[in-house]
Amino acid sequence: MEDPVLVEVTRGPEVESRHAGAFAVVDAEGGLVLSAGDVERPVFPRSAVKVIQALPLIESGAADRFGLTEAELALACASHSGEPLHAETAAAMLRKAGQEAGCLECGTHWPSNAQAARDLARSGAEATALHNNCSGKHAGFVCTACALGVDVAGYVRPGHQVQQEVKAALEDVTGTALDAARRGTDGCSIPTYAIPLRALAHGFARIGTGHGFGPARAAAAKRLRAAVAANPFLVAGTKRADTVIMQALGERAFTKVGAEGVFCAALPEQGLGIAIKCEDGAGRAAEVVLASLLLRLLDPGEAGRGVLAPLANPVLRNWNGIEVGSLRPAAALA
């Protein structure tokens, strides 16, 4: 099946570019509510599934043993911008487990937030693994390893107990058997598994409702959702889509971006999950698709609409601030 065009990019009166892709909206029973494109094709969800990868952090007892705060649990689900509060929170998580930044195996990059990167460079300091957008997730992995009583070193490898727990959680939540044949390596060095969009959307519907989970897993998912809703800045950062959407909608929506044009969301009140993949990996297009679906599926209220509408139809401006075009939902989405 060929995926349809979901988003058009205009310049003046003409369509300059098109982004094709697929999306699935699934209920907690697994029923397909709304879709476009090939929703059975496996895709790498990348960072979109961090909330699922964080379940063992709670279920292992690590979160309670080390007294992790709601803010720290939110960071464990984050793809953050490397701003000071993000790095400081990751460091605090590690200290509680008796560890330091040197144990992180996610790699180092400068903050993706431009102001944070400039401030760090101006101070004469160097970027560390704490500034990696995945440092909160990795700090959670370290805490989990410590709670399980296993060696922290190598926690990113597929055979490490932490990654085995993460894989089991992904399989249970999405209902998908995962093996090495569908395994790749994520940007932060942990295993990433290709999962059909429909299964991802079903998994997020279950994360939002707890449907089909045992009591402990349902409680863990609810605890993570509450932590994220209370601390949306820690999940992404200044002016990032996940942060501004969840600041506006609170616990009504849990959203999480993934790399290469992936976006997922849980709508607890509606009992729905959303999974999106843009074929060309364009994050800007995935944001348009997500915002358009949220406007369609929710009654977001005036404040929510004020955030979602500009994300669903963002204006493009040149370096002089002149409006030159926009992104807009295509017919398959609208």
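Things to note:
- Computed from Cα atoms, the angle from the helix 161-174 axis to the main principal axis of the chain rounds to 40 degrees.
- For the range 188-334, accessible area per residue (1.4 Å probe, heavy atoms of protein chains only), Å²: 38
- Ordering of 261-267, 181-187 by burial proxy (mean other Cβ atoms within 10 Å per residue, highest first): 261-267, 181-187
- Nearest-ten-degree value, helix 301-312 long axis tilted from longest Cα axis of the chain: 80
- Heavy-atom accessible area with a 1.4 Å probe sorts GLU2, GLU14, largest first, into GLU2, GLU14.
- Rounded to 0.05, the FRET efficiency of the GLU126 and LYS239 pair, given R0 = 35 Å and the Cβ-Cβ distance, is 0.85.
- Once the Cα-Cα distance is subtracted from the 0.36 nm per residue extended length, the HIS211 to ARG18 segment shows a gain of 65.8 nm.
- Within the range 250-282: backbone nitrogen closer than 20 Å to the ALA303 label point (7 Å, Cα to C-beta): 250-256, 266-270
- Lysine pair number, Cα distance threshold 24 Å (strictly under), the range 22-282, separation 8 or more or different chains: 21
- Entry note, the range 97-209: relative contact order of 22 percent, from Cα contacts under 8 Å with a spacing of 6+ residues.
- Given a 1.4 Å probe and the protein chains as shown, LEU298 ends up with an accessible area of around 10 Å².
- The chain: angle of helix 135-148 to the longest principal axis, Cα-based, in degrees nearest 10: 40
- Applying a 4.7 Å Cβ-Cβ cutoff to the chain leaves CYS77, CYS103, CYS143, CYS146, CYS264, CYS278 as cysteine residues with no disulfide-compatible partner.
- The chain, relative contact order [Cα under 8 Å, separation at least 6], %: 24
- Peptide packing for 43-52, 20-29, 90-99, 314-323 was compared via the average number of neighbouring C-beta atoms within 10 Å per residue; ordered from the highest value, the list is 43-52, 20-29, 90-99, 314-323.
- Shape of the range 1-146, Cα gyration tensor, a/c cut at 1.5: oblate
- The relative contact order of the range 217-317, computed from alpha carbon pairs under 8 Å that lie at least 6 residues apart in sequence, is 18 percent.
- Split the accessible area of the chain by element, probe 1.4 Å, and carbon with sulfur accounts for 49%.
- Ordered from largest to smallest accessible area (heavy atoms of protein chains, 1.4 Å probe), the residues SER17, SER123 come out as SER123, SER17.
The values are calculated or read from the model by the stated rules, or taken from the named source; none is laboratory data. Keep in mind it's a predicted model, so treat the numbers as computed, not measured. All Cβ positions, even for glycine, are placed from backbone atoms using ideal geometry, and neighbour counts span all protein chains on display. Surface areas here come from the heavy atoms of the whole protein model, side chains and all, with no ligands, DNA or RNA. Shrake-Rupley method; radii C 1.70, N 1.55, O 1.52, S 1.80 Å.
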